[in-house]
Amino acid sequence: MGLTGHLTSLISDAHKDRLQRVAERTFEQHLNLAVTGLSGSGKTVFITALVHHLLQLDQDNSLPLLEAAAEKRLLGCRPIDAPGTRPFPFKGNLAALSASEPHWPRSTRDLSQIRLAIRYRRSTSIKRLLGEWGTVYLNIIDYPGEWLLDLPMLQQDFLSWSQQQTNLLQASPRVEAAAQWLKANRAIDWHAPANLAQLNQLGLEFRDLLQSFREPPHALSMLQPGHLLLSEASSPEQDLLLFPLTAEVSNETGTPEGSALAEMTRRYRSYCERWVRPFYTEHFSRFDRQIILTDCLKTLNQGEACFDDMQLALNTILSSFHYGKNSLFRRLFSPRIDRVLFAATKADHVTANQHANLDRFLELMVHDARKEMRFESVQTRCMALASVRSTQAAQARKDGQLLSCLKGYRKETGEPVALFPGEIPTELPRAEDWHQDRFRFIDFAPRALPRSGLKPEHHIRLDQALEYLTGDLFR
Amino acid sequence: MSSSKHDWHRPTFLDPASIENTDTRQGFIPATDIPPDEAEAVDETPETGIPEPKKQKSTWPARALTASLIALLSLAVGAELYRLLDWSFGLHTLLGTAVASLIIVCTGCGLWQLRRSLKGLRQLRHTRDLRTEAQRLSTRNSHGGAAHFLNRLEAHYRDHPQQDSIIQQIHQVDSSYNDAEVIRFLSSHALTKQDKLARACIRKHSLAAGTLVALSPWASFDMLLAGWRNLRMLREIMSIYGVAPGASAQIRLLKQVFHSIAFAGISDLALDAGSTFLGTGLTSGLSSRASQGLGAGLFTARTGLTAMELCRPLPFNVRRNSVMKRLAGELVTQLATGARTSGR
Ligand SMILES: Nc1nc2c(ncn2[C@@H]2O[C@H](COP(=O)(O)OP(=O)(O)OP(=O)(O)O)[C@@H](O)[C@H]2O)c(=O)[nH]1
Ligand SMILES: [Mg+2]
């Protein structure tokens, strides 16, 4: 009452309402949440589950560890139009997850955006001077994970990018598969006039190479250029057919007009300007908070090469974001990311007693990136979560011992399985520790997500992730 | 380190049909009576809890003195009663029966009171043990350690009037929660109704104490008034949280409250008062009586919050400062309007 009473008595009733609204608008909060993660890390599923739980906020109590929800201060949430970008296909994704034979949404091909307005009651009387109710606008984009790795290319030129790619291609495990292509690449005379047919052919072969690296025996992550990797046309646009130069090229003579080198340099620039920069400036330069989804289990399944490559890819991606503390001025004009959550997704693939180990393993994986961020006084945290929990905890008796295990349905066939998937190491495995049958994290088909009547058991730690990322806005 | 044999378990597929589901509570041990090892639980967290007031080790002459005093007194009382009975029966049978029944009623009520206060004491002790255990668990991200705690908590609330809602929340604990999350979940969900009632009770009593002190014409009465309000509040808070509010339990709680307030230290108190006053910024308009009332009200609120903390078996994660601030604001407006109306 106190101060509000004094203030409101000064203002006539007619203006009171309007003033209140202006005050609310001035103090309403916008949050651009960066959902970052390589392809297959679970971005789309995460966004879909998050939005679903938030939209059901007024009816279901499925986010008990979100403080504002526990205190019953969240009124409700609704989607609002986000002009300009394609809307996030929430309905379609939810339909897939809640069908009678539920399945995961398909891998994302395009950029889309969703914006939510969340209404909440302010927690203290002092803050209620701004109006009892506040609104947080949450803005999220979804995009193919492959695109992320294009972002660092903006900071490089063709030659330095080629140098980096060559180093990768000439090392194991890539070199075995790429030997043929490397030979053809070295045969190019970069200073001679460009033979476009030959360059295009090599570009197509490079695409096939990238696609094969992505698949299981390799399961690599550090794959550039992302748009080329995703293109499916049998003859894509010429500027997409970009590949690194792997031979030593002396730069003394300069770049002759019309040479192969000039052509590739042009393609590189054009690629960056047409596909990468718009994506970056329109969406990626204005985030306030970030969640980085990582699929640690995949690396454990696939072995050391996969692990190293994913670590490299993550560190490369993170160089494209701005981290630091936000002043009020900066928040309005050029925000920086001031809080980062590293999340190990698919925590439902392991038994609950392994979650602490999964946290720890993730910490080891992102150790260097985190150190950098802390240096910029950015808050970071590691957490294991599952957006859509698709397994059940169970127990089995084996050799007289009680073994905690998981029950679920296989992703590929839908048949029921029960397994003890192995334990997650809490130290980085040494070379000899990557053992063929130490881990067996299989993919599960989703358990049908109900359209209403959501419960805490439909996710793992989604509420805590949300609390960490947005909790302070609902105070 | 490089053992030839690996130290991890091999992943295995199992037959889905042969598997028992674990219920939502994490791998519950069926309720067996495990003697709670209280001493151990306490000294594992010497730094978190409020240290218990050190029991003064009484020397043997003192103990002998109390024992003999008690023996002497009960002997005297017994003899006196016997003489009373004898005398009244000698006078008239009716008078004798009346006196005898009075004595019986008296002893019965006394015993009942004794039992109740003993129960209250036991419950307070149990609450404290549970709280220390909860505090210990809340620093761990291990899994499964909370199962035993949950069993004990459930048993603790078995005859509470609102046991259904509390036990239902205990059963809502998700199987994927680690120990710290279990505690966090419970402390913000299991006792919401009780917390709300207790907070309303604290508010009522601190407003009343504030107003009474501000309006009482005799300054020396202040302490008495505030004390009386405080005691009633303690009783109510105790019964809200299901602790039998016998006299000795009440005294024990009061002792604990004062101890913990003293332990919080002067600086904390000053900070508390300072921030609440800054937050309202309206204290300048109060008369000196009214500010004494404000002081008494805030003191009552603080006592109440501390008592609430001590009656909960789960750690309390309400921001104490914001509660105090809100109360201070209310007190100030009430005292200001009260002063104005009484001034006219
Ligand atoms: N069990 C389980 N599996 C999950 C979960 N989230 C994602 N997955 C699995 O991960 C796969 C990929 O998830 P997506 O959300 O499509 O990944 P994405 O990051 O959007 O990938 P791109 O769109 O290709 O960039 C899914 O098909 C699921 O098999 C989860 O919460 N639980
Ligand atoms: Mg996707």
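We did not get these values from a lab; they are worked out from the coordinates using the rules stated. Remember, it's a predicted structure, so these values are computed and weren't measured experimentally. Cβ sites come from the backbone with ideal geometry, for glycine too, and all protein chains shown count toward neighbours.
Roughly how many Å is it from the Cα centre of segment A:164-238 to that of segment A:87-106, as a whole number? A separation of 34 Å, based on Cα centres. Report the trypsin sites (Lys or Arg not before Pro) located in segment A:37-83 that are in a DSSP loop and have at most 14 other Cβ atoms inside 10 Å of their Cβ, or state none. Here the trypsin sites (Lys or Arg not before Pro) that fit, given the DSSP loop and packing criteria, are A:Lys72.
Neighbouring Cβ atoms within 10 Å as the yardstick, rank A:Ile424, A:Ile114, B:Ile104 fewest first.
Numbers: A:Ile424 24, A:Ile114 21, B:Ile104 10.
With the fewest neighbours first, A:Ile424, A:Ile114, B:Ile104 line up as B:Ile104, A:Ile114, A:Ile424.
Where a ≥ b ≥ c are the square roots of the eigenvalues of the C-alpha gyration tensor, would you call segment B:64-123 rounded, which needs a/c under 1.5, or, failing that, prolate if a/b is larger than b/c, or oblate? Here segment B:64-123 falls in the oblate category. Counting only other chain Cβ atoms within 10 Å of each residue's Cβ, the peptide A:440-447 averages 1. Using the Cβ-Cβ distance between B:Asp164 and A:Arg214 with R0 = 51 Å, the FRET efficiency computed as 1/(1 + (r/R0)^6) comes to roughly 0.40. Exposure proxy ranking for A:Glu415, A:Glu282, based on other Cβ atoms within 10 angstrom of each Cβ and starting from the fewest, stands as A:Glu415, A:Glu282.
Could you sort the peptides B:60-67, B:205-212 by per-residue average Cβ neighbour count (10 Å cutoff), highest mean leading? Don't jump to the answer; show the numbers that get you there.
On the way: B:60-67: 9.8, B:205-212: 23.8.
Going from most to least packed, we get B:205-212, B:60-67.
Within 10 Å of the Cβ of each residue in A:218-227, the mean number of Cβ atoms contributed by other protein chains is 0. The amide H of A:Gly40, built 1.01 Å from its N in the peptide plane, has A:Gly145 as neighbours under 5 Å, considering only residues 5 or more places off or on other chains.
What the phi angles of segment A:335-344 give under the Karplus curve with 6.51, -1.76 and 1.60, with θ = phi - 60°, is a coupling list of x, 10, 7, 10, 8, 10, 10, 8, 10, 8 Hz, glycine and proline written as x.
Using alpha-carbon pairs under 8 Å, 6+ residues apart, how would you state the relative contact order of chain A in percent?
Numbers: 802 pairs, mean separation 92.2, N = 475.
Worked out over chain A, it gives 19 percent.
Dividing the radius of gyration of the alpha carbons in segment B:138-190 by their Kirkwood radius gives 0.97 for Rg/Rh. Along segment B:328-335 the Karplus relation, 6.51 cos²θ - 1.76 cosθ + 1.60 evaluated at θ = phi - 60°, assigns HN-Hα couplings of 4, x, 5, 4, 4, 4, 5, 5 Hz to successive residues, with x for each Gly and Pro.
Going by C-beta contacts inside 10 Å, put A:Phe158, A:Phe279, A:Phe46 in order with the fewest on the left.
Details: A:Phe158 21, A:Phe279 18, A:Phe46 25.
So the residues, fewest neighbours to most, are A:Phe279, A:Phe158, A:Phe46.
Remark: mean inter-chain Cβ contacts per residue of B:163-176 equal 3, using a 10 Å Cβ-Cβ cutoff to other protein chain atoms. Take the Cα of A:Leu129, step 7 Å toward its Cβ, do the same at A:Glu101, and the gap between the two points is 6.2 nm.
Shape call for segment A:316-475 from the C-alpha gyration tensor, a ≥ b ≥ c root eigenvalues: rounded (a/c under 1.5), prolate (a/b greater than b/c) or oblate? It is oblate, given that a/c is not under 1.5 and a/b is not larger than b/c.
Rounded if a/c is under 1.5, else prolate if a/b beats b/c, else oblate: with a ≥ b ≥ c from the C-alpha gyration tensor eigenvalues square-rooted, which is segment A:217-273? Spell out each step's value before the answer.
Numbers: a/c = 2.70, a/b = 1.58, b/c = 1.71.
Cα axes put segment A:217-273 in the oblate bin.
Each label point was placed 7 Å from the Cα along the Cα-to-Cβ direction; for A:Gln180 and A:Asp368 their separation is 3.3 nm.
Can you run the Rg to Rh ratio on segment A:149-276? Use alpha carbon positions and the Kirkwood inverse-distance Rh. Don't skip to the end; give the middle numbers.
On the way: Rg = 13.8 Å, Rh = 14.9 Å.
Ratio of gyration radius to Kirkwood radius for segment A:149-276: 0.93.
Among B:232-241, A:340-349, B:194-203, the peptide with the highest mean count of other Cβ atoms within 10 Å heads the list, and the full ranking is A:340-349, B:232-241, B:194-203.
Using a Förster distance of 56 Å, how high is the FRET efficiency between A:Thr281 and A:Asp433, based on the Cβ-Cβ distance and rounded to 0.05?
Values: r = 44 Å, r/R0 = 0.78.
Calculated transfer efficiency: 0.80.
Residues in segment A:387-402 carry Karplus couplings, in order, of 6, 10, 7, 10, 10, 10, 6, 8, 10, 9, 9, 9, 6, x, 10, 7 Hz; the curve used is 6.51 cos²θ - 1.76 cosθ + 1.60 with θ = phi - 60°, and Gly or Pro positions show x.
May I ask for log10 I(q)/I(0) of chain A at q = 0.09, 0.12 Å⁻¹, from a Debye sum over the Cα atoms as equal point scatterers with solvent left out? With one equal scatterer per Cα and no solvent, log10 I(q)/I(0) is -0.69, -1.12.
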